[in-house]
1. Give me the net charge for the shell around LEU398: Cβ to Cβ below 10 angstrom, other residues only, Lys and Arg +1, Asp and Glu -1.
2. Once you have a ≥ b ≥ c as the square roots of the Cα gyration tensor eigenvalues for the range 473-540, tell me rounded if a/c is under 1.5, and otherwise prolate or oblate according to whether a/b is larger than b/c.
3. Within the set of other residues whose C-beta is less than 10 Å from the C-beta of SER96, count the net charge using Lys and Arg as +1 and Asp and Glu as -1.
4. I want the antiparallel fraction of DSSP beta bridges within the chain, as a percent rounded to 5.
5. Carbon and sulfur together cover what percent of the accessible area of the chain at a 1.4 Å probe radius?
6. Using 7 Å Cα-to-Cβ label points, what is the LEU604/GLN323 separation (nm, one decimal)?
7. Roughly how much of THR620 is accessible, in Å² to the nearest 10, using a 1.4 Å probe?
8. Could you tell me the center-to-center distance, by alpha carbons, between the range 607-640 and the range 416-430 in angstrom?
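The values are calculated or read from the model by the stated rules, or taken from the named source; none is laboratory data. Since we're looking at a predicted model, the values are computed, not measured. Here the Cβ is made from the backbone with ideal geometry for all residues, glycine too, and neighbour counts use every protein chain on show. Heavy atoms of the whole protein, side chains included, go into the accessibility calculation; ligands, DNA and RNA do not. Shrake-Rupley method; radii C 1.70, N 1.55, O 1.52, S 1.80 Å.
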Amino acid sequence: MAYDDIDFSPLDALAGDEVVTHALVRDVRLASGRTLALITLDNGRDHTRPNTLGPATLAELGGVLETLATRAAAGEIDAVGITGKKYILAAGADLSDVSRLPSPEIAKLVAQRGHQVLGRLSRLGVPSFAFVNGLALGGGLEIALNSTYRTVDASAAAIALPEVFLGLIPGWGGAYLLPNLIGIENALEVVISNPLKQNRVLKPQQAFDLGIMDAVFPAVSYLEDSLRWADSVLAGTEKVVRRNEPGKIERLTKWPIAVKVARGMLESKIGTVPVAPYRALDLLEKARGGSREEAFAREDDALAELISGDQFAASMYAFDLVQKRAKRPVGAPDKALAKKVTKVGIIGAGLMASQFALLFVRKLQVPVLITDLDQARVDKGVAYIHEEIGKLEAKGRLDSDTAGKLRSLIHGTVDKSEYADCDFVIEAVFEEVGVKQQVFGQIEKIVAEDAILATNTSSLSVEEIGAKLAHPERLVGFHFFNPVAVMPLIEIVKTPATADAALSTAFVIAKGLGKNAVLTADAPGFVVNRLLAKVMGEAARAVYEGTPVADVEKAFAPLGLPMGPFQLIDLVGWKVAAHVQDTMTAAFPDRFYANENFHRLAELSEVVEKDKGGRVTGFTRAAEKIAKKATGSSPVAAETILQRVQDGLAQEIRLMLDEGVVPEVQDIDLCLILGAGWPFIDGGASPYLDREGASERAFGDTFHHPPIRGIAHR
């Protein structure tokens, strides 16, 4: 069936509260005398509300393109151009109401409508030009791919096909047009690899280098240059040469090999639970042959299936948490109460302290002081920070002036009196209450009365750490996750004594550091480590019952976590993990598992062996010797291990909510997504546990009413 023969009225009726992106048209007389009809996409809002492509938007754009096709046939115009409002072409489909579509059949209409409208850009009877003047994500980039030619503004914020990250596929032509434009290997990177690397995007020059864009022009004269270039193309004086044009793309051997390698990498890195990456891979594989119509029909079916599924519904729940709830932290005091921070002090000069210093100086650009027990350690810390600044400069992420300024703002000393004018002091010392109490006791006598003190403890009681302070109201928990520069979460921990001024300052600083902050009560393990301790403990329990390490890792795969439990422990550090388990078993001995061998294993230089993909395959010989002394002889089935951890997590989350560790279950899911890499396709933990029946088994109810499910399973 041709797209123009489809009845889209059921979809159009769902436009509802859509912020319509209008298609505004004006004729532009080019220097040659030719006429280009220029469409500008504009939703009437500022750049903080990007253009999106919902049902009403697509209906309007489709009507405009139909009119232009008629004008082209009458000889009134020689070309069509499409661009966006300032800084933005389009941020893709309007997904705000997609999860509320009434049926899989209506979901399929979303895919078909996109193909009908955007596909018309290649069927106007005259060449079409996409002038990518800014942000172009998903359907925004597919507007460009469906056009005959493409230019890009050198200052455009981001260019990407992020659909796989959200549990979808590029379903408006991207999965077919892109590989046939830039080759299979490049397309695999853009469609699959980049979304799975924390939603990596392309810069304009990268998009040009890959062959997605035909020309790059500076922002100051972008539209004028693009129109001039389009005129030259129409005149034939500008030859558009694409190194990966269809006739030049090798399809016989390289294409299937690249897909096979990508499939193996996916299975190694993410397992087989996520559906979208594999559907995208199938579409890219089949894009090497057949017609555009067949390819678009495959995209329609894939997109409809994914939109209707549980993973997309969970992804939209997670997306909403990250885009909205994370931006307005629940429980954060008025930011007007925050103390102005003009100098930061960091107690310690080891690796963690040095990472803190680098982040604070880069983001806040204020003087940062580091201290340690001796000058050699201080010098090593300062050298590390300078070296990391140098690496950023070499990569072009910092210019020489900024790099020089940042180096000058870092100061290391053994003289603790220099903390006197610090407004915010954070410790990065050994994870032991007595040690932390001692260093804060020393510093409190030096700093100003209104200076804020922060602890980066991963699981200890913040209240106990501050018990010997003269002013415990100035102490706040400020828990980073490793690696500090990458992980977006900070758990801000409030004790019964913490003053609003200290809390407000912590939230303002977290935002200044580019992090998302979640307020938690001063409970053992706070949020992330409490739940990861449950995961790690159940993994350890299974091993010590006699289950091989590799089998335990595989048993956890359906959780969809970015890595197995022992791989995670290896990343966190065995000593840190051992201390966290100690904290949790001391607080809740009936619910958390720990084994004395945790600490013995932590003394080894290497505990686990891994394959090329980084997956844990077993213990090292030295670790086996330690583990065997306490290992039982009753291996546990994968299903039993998985149900144990599911039910344990459901029980623990319910208890955390009852205890008031965070206000709502959404805050726990947000912490797990940002701090533990819990996949979007699960929506964090709670929607997954509801779907798997763990919530019902653990406490006879669900976290969400109704449970978060896709259209096909409601």
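1. On the way: positive: ARG362, LYS391, LYS395, ARG397, LYS405; negative: GLU393, ASP399, ASP401.
Around LEU398, the charge tally is +2.
2. oblate
3. Local charge sum for SER96: -4.
4. 25
5. Answer for the chain: carbon and sulfur cover 52 percent of the accessible area.
6. 4.5
7. 20
8. After rounding, the separation between the Cα centres reads 42 Å.
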